[in-house]
Amino acid sequence: MRSSTDASTQVCEYTIHHGPSFVPFNRRLALNDQPTAAPPLPSLADLGPELSRITTTQRIVSVIIPFACAALYFLFASLRLWPLAVLMLMYLSFVTYGSISHDLVHRTLGLPRAWNESLLTLVELLAFRSGHAYRLAHLHHHARFPHDDDIEGAAARMSFGRTLLEGIIFQPRIMFWALARPHRARPLVIVEVLVVISLLTACLTIRSTPIFAVYALLMIMGSWVIPLITSYLPHNPQGQTPLAQTRLFRGRVLSIIALQHLYHLEHHLYPSVPHQNWPKLASRLDPYFKAAGVEPIVLGR
């Protein structure tokens, strides 16, 4: 089943604008900042319309993973297998904001709208975040980067130290920003924020076991790296074109480190492609990037 927001609508929904200049934080990361005049970007239909589709099995696995990780944390923690318990939360934090929740934000899992919206709320609540505040900020980022009013992409203009500080306050900032914006999802954001506060309070005040407090603290801390990973490292606000505003990453070592989540530029160009198909999309775009003069940052061939 496909969402009522189809791939063509998704592609048209996000327009990348250009903004003020900024000195890149690292000369190596600046290698692909200013490609020469690029050939026309291929359409998703030309690259392969199947890139916007996933299998039923992939869909089911995506829905199950966050809840399975949370359940396994509590199982391992109750057995005092803390290394395994912490590993579950590290993976949960990574796959929610970075891929599964992200797909729910863009409605690319092909779920009915009601299921998609409910899962966006529930999955992000596992990490004490508002799913619909995330959507508002993320779609605004797609539409406005690198303008100054892009709250999600703001770290791209910050120093490394300021970016780390931004990570600590990022989720509260996103929630307050979303609450202040007139939008039809605002009532839902209000409910999600209230539930986040309630869940966090409950986890931190349970005295009979430290399992819930540890869960809450680790999940909160797991969100602190989001501005670094999603904005500071991949983006270049000095870029004058969409190809220059987001860096291209390649390499076996980087792929292992990022768990196949290297494809920030590809996602900005084709936001209707679900994360399962990012590697395939990237391989089909490589000839285009070469022709456009986009130099990748490579670690491990």
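Just so you know, all these numbers are worked out from the coordinates, no wet-lab data involved. Just so it is clear, the model here is predicted, and its values are computed rather than measured. FYI the Cβ positions are ideal-geometry reconstructions off the backbone, even for glycines, and counts take in every protein chain you see.
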| Amide H to amide H under 5 Å from I297: which residues, 5+ apart in sequence or cross-chain, H placed 1.01 Å off N in plane? | L248, F249, R250
| message | I need the phi-derived Karplus couplings for region 97-109: 6.51 cos²θ - 1.76 cosθ + 1.60, θ = phi - 60°, integer Hz, Gly and Pro marked x. | response | 4, x, 9, 6, 4, 4, 5, 5, 4, 8, 6, 9, 7
| remark: Expected max-MSF residue from D148, D103, D46 in the GNM of the chain (alpha carbon, under 10 Å) is D46
| field | Burial order of peptide ranges 176-186, 121-131 (average beta-carbon count within 10 Å, highest first) | value | 121-131, 176-186
| query | Which residues' amide hydrogens lie under 5 Å from the amide hydrogen of H235, considering only partners 5 or more residues apart or on another chain, with H built in the peptide plane? | reply | R247
| Per-residue ³J(HN,Hα) for region 233-249, Karplus 6.51 cos²θ - 1.76 cosθ + 1.60, θ = phi - 60°, Hz, x for Gly and Pro | 6, x, 10, 9, x, 6, x, 9, 9, x, 5, 9, 7, 9, 7, 9, 10
| Furthest towards positive pole of dipole, A216, N116, T96, structure part the chain, Cβ charges | A216
| Exposure proxy ranking, count of Cβ atoms within 10 Å, fewest first, for K290, K280 | K290, K280
| field | Prolate/oblate/rounded label for the chain (Cα gyration tensor, a/c 1.5) | value | prolate
| query | Taking the Cα centre of the chain as origin and charging only Cβ (+1 Lys, Arg; -1 Asp, Glu), how large is the dipole, in debye to the nearest 20? | reply | 420
| task | Compare the peptides 199-211, 264-276 by average per-residue count of other Cβ atoms within 10 angstrom and give them in order, highest first. | result | 264-276, 199-211
